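Peer 1: I have a structure here, written as structure tokens, and I will follow up with some questions on it.
Just so it is clear, none of the values below were taken in a lab; they were calculated from the coordinates. Given the structure is predicted, the values throughout are model-derived calculations rather than measurements. Every residue, glycine as well, gets a Cβ built from its backbone with ideal geometry; the counts of neighbours run over all protein chains shown.
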Amino acid sequence: MQDPINEEIKKKFGDKIEIKKIDVDTNFELASKFTVHAVPTLILERDGAVFKRYTGVTQARILEADINAALK
């Protein structure tokens, strides 16, 4: 359910953002590092630090607003 939203966001922001998707079942260390307890979990980073974190399906309008804030 999150994938189509992420695709929409990627189209809107293009090269301004990078979206990475990991499989928490095969990347346990990375999931542990970011304390992922539920899927989907989205983590918005700015300058290598967590800017915003979402658990569960997140609407495009919310992501857009937060990405715009992070890009400022």
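Peer 1: Taking into account only those residues within segment 3-40 that are aliphatic (A, V, I, L, M) and in a loop (DSSP other than H, G, I, E, B), which is nearest to residue 65 (Cα to Cα)?
Peer 2: This residue is 17.
Peer 1: I'd like the full set of residues that are among the aromatic types (Phe, Trp, Tyr) and under 17 Å from residue 59 (Cα atoms), limited to segment 1-33.
Peer 2: Listed by number, the list holds a single entry, 13.
For every residue, the table says whether it meets (1) under 13 Å from the mean Cα position of the chain (by Cα); (2) closer than 22 Å to residue 10 by Cα.
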| position | (1), (2) |
| --- | --- |
| 37 | no, no |
| 41 | yes, yes |
| 45 | yes, yes |
| 55 | yes, yes |
| 60 | yes, yes |
| 66 | yes, yes |
| 69 | no, yes |
| 72 | no, yes |
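Peer 1: Restricting segment 41-72 to residues that are among the aliphatic types (A, V, I, L, M) and assigned to a helix (DSSP H, G or I), which is surrounded by the most Cβ atoms within 10 Å (Cβ to Cβ)?
Peer 2: 63
Peer 1: Count, please, the residues in segment 1-12 that happen to be surrounded by 13 or more Cβ atoms within 10 Å (Cβ to Cβ), within 14 Å of the chain's Cα centre (by Cα) and farther than 16 Å from residue 43 by Cβ.
Peer 2: Final tally of qualifying residues: 1.
Peer 1: Still on this model: Hey, residue 31 hits all of (1) in contact (Cβ under 8 Å) with a residue 24 or more places away in the chain; (2) surrounded by 14 or more Cβ atoms within 10 Å (Cβ to Cβ); (3) among the aliphatic types (A, V, I, L, M); (4) over 17 Å from residue 16 (Cα atoms) but one; which does it fall short on?
Peer 2: (1)
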